[in-house]
Every structure is written in structure tokens, then in C-alpha cells.
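S.K.: To start, I am sharing the structure in question, which I have written as C-alpha cells.
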């Protein structure tokens with residue numbers, strides 16, 4: 001069910017490298033909402049599978065790991081690292097962004113039984129509203145009754161440039177063409193998987209971010225939210 005007027009559920013979808021996480025955090029900070037990066041949740045399960053040496057091809061074993069795992073996220077707009085991810089009580093915010101995890105997460109996140117488990121968990125976060133949740137199936141599967149639905153898009157060239165900048169900042173020097181190929185493959189995998197594919201909800205607002213800054217995109221989403229109601233401002237929240 002939709003949330004109460006001043007505690008909205010804001011669902012942001014879009015392909016890899018479009019800036020969902022950055023924009024979602026900006027919107028959450030302005031409205032005083034919690035923020036959930038569902039891609040980081042899939043990365044956490046991928047990290048656990050690699051750590052436990054569970055094959056990404058073993059669908060049943062990966063789904064079992066997800067059922068046993070305890071994944072939390074903490075969003076605090078006043079911290080240097082605003083959105084932190086925890087796996088079984090241990091912070092893995094940096095570890096889940098490794099190149100190794102990035103190489104496997106697309107395959108792992110496509111496992112139907114895993115997605116079923118993760119959708120159950122993500123829906124539990126939505127109770128009471130006051131949350132910005134971003135991913136690839138938010139408006140269509142996880143939060144079909146969200147008060148505000150947005151689908152972000154951008155050209156492959158621009159998404160490659162943005163992702164390259166993020167990786168360079170994190171200390172990785174990956175050729176642009178390699179990243180472009182990875183993003184193209186991820187787009188295909190996300191859009192064609194059988195369970196919860198990437199798709200724009202019929203009632204979502206499409207925002208092409210190719211020529212926009214993250215601040216401009218966030219401002220557009222905040223305008224949509226303020227038509228529905230304002231958020232309260234908790235300092236931080238772990239989910």
C-alpha cells in the first residue's frame with residue numbers, strides 16, 4: 001500500500017552507471033529519509049558467495065546463502081561515507097565494490113531464487129515509508145505502489161565516462177572500452193533475465209540524465225516528492 005502523505009516511498013530505477021546511488025542519497029538527504037541501495041545488497045551476497053567459495057553457477061547454494069545472510073544498510077547524510085553496507089554484522093562497504101565482485105554480481109543477481117529472497121527483504125524495508133530505494137526493479141516489482149517512481153536513463157558513452165571516473169577515484173585504472181563492454185553486457189543481462197528484469201514502470205517518470213548533473217537530477221525528483229508531501233529529518237537510520 002502507498003505510504004502516508006509525509007512519509008513517501010520513492011523508487012528510483014535505471015541501468016548500470018546512470019547515477020542512481022548518488023542521486024538517491026541526495027534526495028534522501030534533502031527529505032530526511034532512509035536510503036537503500038539494492039545493488040549493494042546483491043553485491044554483498046556475491047561477496048559472501050566468493051568468500052565461501054560457492055560457485056556463481058550453483059543457484060540453489062547462492063539462494064541458500066541469501067536466506068542465511070543478514071544484510072543491513074545504514075544511511076547517515078552527515079558522515080563522510082554516507083551509505084554503509086553490513087553483512088552478518090561486518091561492514092563490507094568497500095569490499096563489495098572490488099573488481100572481483102563486479103565481475104560476478106551480474107551472474108549472481110540474475111538467479112531467480114536469489115531475487116525472490118532479496119525482494120522479500122527489500123519490501124520489509126518499505127513499511128511506514130520515509131525511504132528512497134534504488135535499483136533495477138523497484139517500481140515494477142519491489143515497490144509497485146511507491147508514491148514516486150522515477151526511471152533514470154543516460155547514453156552508454158556517458159555512463160561509461162561516469163563509471164570510469166568513479167573507479168579512478170577508487171584507485172582502479174580500467175580502460176574505457178573495457179568498461180563500455182561491461183556496461184553493455186550488464187544492460188543485456190539485466191533486461192533479459194527471467195526474474196524481475198530491468199524495465200520502466202508504466203507510471204514512472206523518465207529522466208534522461210545524459211546532460212544533467214547529479215544535483216539537477218536530484219532536484220527534479222525532489223520536486224516530484226514535494227507535490228506528494230514533505231519528509232521528516234532523522235539523523236541516521238539502519239535497515
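The values are calculated or read from the model by the stated rules, or taken from the named source; none is laboratory data. Treat the numbers as computed from the prediction; the structure is a model and nothing was measured. Cβ: placed from backbone, ideal geometry, glycine included. Neighbour counts: every protein chain shown.
S.K.: Show the residue pairs meeting these rules: Cβ distance below 7 Å; 6+ apart or different chains; first residue within segment 170-192 and touching a residue at least 12 places away in the same chain (Cβ under 8 Å); second residue exposed (fewer than 11 other Cβ atoms within 10 Å of the Cβ) and in a loop (DSSP other than H, G, I, E, B).
M.R.: Listed by first residue and then by second, the contacts come to nothing, as the list is empty.
S.K.: From (1) within 22 Å of residue 196 (Cα to Cα); (2) crowded, with 18+ Cβ neighbours inside 10 Å, pick out the condition that doesn't hold for residue 116.
M.R.: (2)
S.K.: What number of residues within segment 3-60 are out of contact with any strand residue (DSSP E or B) (no Cβ under 7 Å at 6 or more places or on another chain) and part of a loop (DSSP other than H, G, I, E, B)?
M.R.: Counting residues in segment 3-60 that are out of contact with any strand residue (DSSP E or B) (no Cβ under 7 Å at 6 or more places or on another chain) and part of a loop (DSSP other than H, G, I, E, B) gives 15.
S.K.: Give the residue that is surrounded by the most Cβ atoms within 10 Å (Cβ to Cβ), with candidates limited to residues of segment 209-230 that are touching a residue at least 60 places away in the same chain (Cβ under 8 Å) and part of a loop (DSSP other than H, G, I, E, B).
M.R.: Restricting to residues being touching a residue at least 60 places away in the same chain (Cβ under 8 Å) and part of a loop (DSSP other than H, G, I, E, B), the top hit is 209.
S.K.: Does residue 8 meet the test of being under 19 Å from residue 222 (Cα atoms) and surrounded by 15 or more Cβ atoms within 10 Å (Cβ to Cβ)? Give the steps one after another, and end with the answer.
M.R.: Values: under 19 Å from residue 222 (Cα atoms): yes; surrounded by 15 or more Cβ atoms within 10 Å (Cβ to Cβ): yes.
Here the answer is yes, as residue 8 does meet what is asked.
S.K.: Sort through 85, 194 and tell me the only one that's within 25 Å of residue 60 (Cβ to Cβ), modelled with pLDDT of 95 or more and outside any helix (DSSP H, G or I).
M.R.: Numbers: 194 fails: modelled with pLDDT of 95 or more.
Residue meeting the stated conditions: 85.
S.K.: Looking at 162, 185, 124, which one is part of a helix (DSSP H, G or I) and touching a helix residue (DSSP H, G or I) at 6+ places or on another chain (Cβ under 8 Å)? Talk me through it step by step, then tell me what you get.
M.R.: Numbers: 162 fails: touching a helix residue (DSSP H, G or I) at 6+ places or on another chain (Cβ under 8 Å); 124 fails: touching a helix residue (DSSP H, G or I) at 6+ places or on another chain (Cβ under 8 Å).
Being part of a helix (DSSP H, G or I) and touching a helix residue (DSSP H, G or I) at 6+ places or on another chain (Cβ under 8 Å) holds for just one of 162, 185, 124, which is 185.
S.K.: With under 25 Å from residue 104 (Cα atoms), under 19 Å from the mean Cα position of the chain (by Cα) and assigned to a strand (DSSP E or B) as the only criterion, which of 152, 167, 206 stands out? Even if it seems obvious, please write down each step before you answer.
M.R.: On the way: 167 fails: assigned to a strand (DSSP E or B); 206 fails: under 25 Å from residue 104 (Cα atoms).
Only one candidate passes the filter, namely 152.
S.K.: Go through (1) assigned to a loop (DSSP other than H, G, I, E, B); (2) touching a residue at least 40 places away in the same chain (Cβ under 8 Å); (3) within 30 Å of residue 176 (Cβ to Cβ) and name the single condition residue 77 misses.
M.R.: Against the list (1) assigned to a loop (DSSP other than H, G, I, E, B); (2) touching a residue at least 40 places away in the same chain (Cβ under 8 Å); (3) within 30 Å of residue 176 (Cβ to Cβ), residue 77 comes up short only on (3).
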